[in-house]
Amino acid sequence: MAIREIRKYPDPVLRAKTEQVRTFDASLQRLIEDMVETMHAAPGVGLAANQVGVSLQLAVIDVSGREEKEPRRAPVVLINPEVLALEGSVVAEEGCLSIPEYFADVKRAARLKVRALDRSGKPFEVEADGLLAKALQHEIDHLNGILFVDRLSPLKKSIFRRRLKKALVETA
Ligand SMILES: [Zn+2]
């Protein structure tokens, strides 16, 4: 296992639509292991393959051990995911490993149902609410080249752009 470099906004790989996974070989398993390790080390609750520069429909999510009294579970591996249903709406704070040190409220569906393939290519369905629902929507957005800042209100978006411009000038 190895920790991979997390690509940062505005890296164009984050904007490209990802390709479907078709081969479930050893290199895919290695990529999944690396992504889980990279996510835990960051630390974060989710990581999409394009965030480590691989443009595939693959994401890992681990929201376990975050909420009190909740035991750690195996990370969710999401391959070629498809949203089957969205329900309700909720506003909650989000951040992204590709956009360090920026957090903002995002409106999302409160509950959703997703169909995907697991790491061996077997289909499964997951129904989620709470933190897992938020993470699923955030990661599936990544696979479509969408970042959480795209979902902000126009005012918040302009604040984000100003902050970004300032950060780029300071690091130049
Ligand atoms: Zn993200």
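The values are calculated or read from the model by the stated rules, or taken from the named source; none is laboratory data. Everything numeric in this text was worked out from a predicted model, so none of it was measured. All Cβ positions, even for glycine, are placed from backbone atoms using ideal geometry, and neighbour counts span all protein chains on display. Heavy atoms of the whole protein, side chains included, go into the accessibility calculation; ligands, DNA and RNA do not. Shrake-Rupley method; radii C 1.70, N 1.55, O 1.52, S 1.80 Å.
The table for this structure:
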item	result
Estimated 222 nm signal from helices in the chain, with DSSP H stretches of n ≥ 4 weighted -39500 (n - 2.57), rounded to 500	-9500 deg cm²/dmol
Low-density loop positions, trypsin sites (Lys or Arg not before Pro), segment 1-97 - DSSP coil, at most 15 other Cβ in 10 Å	Lys8, Arg15, Lys17, Arg22, Arg66, Lys69, Arg72, Arg73
Rounded if a/c under 1.5, otherwise prolate or oblate - segment 96-172, Cα gyration tensor axes	prolate
Residues of segment 1-139: accessible area per residue with a 1.4 Å probe, Å²	53 Å²
Qualifying GluC sites (Glu not before Pro) in segment 22-112, DSSP loop, other Cβ atoms within 10 Å at most 15	Glu67, Glu68
Inter-site label distance for Lys107 and Ala26 at 7 Å from Cα along Cβ, in nm	5.0 nm
Accessible surface of the chain [probe 1.4 Å, protein heavy atoms]: carbon and sulfur percent	53 percent
Separation in nanometres of the label points that stand 7 Å from Cα toward Cβ, at Asp118 and Leu86	2.8 nm
Difference of contour (0.36 nm per residue) and Cα-Cα distance, Arg72 to Thr171	31.8 nm
Backbone N within segment 7-40 under 18 Å of label point (7 Å from Ser64 Cα along the Cβ vector)	32-40
Residues with amide H under 5 Å from that of Arg4, placed H, sequence gap 5 or more	Thr38
Global geometry of segment 1-148, whether rounded, prolate or oblate, following the gyration tensor of its Cα atoms and the 1.5 cut on a/c	rounded
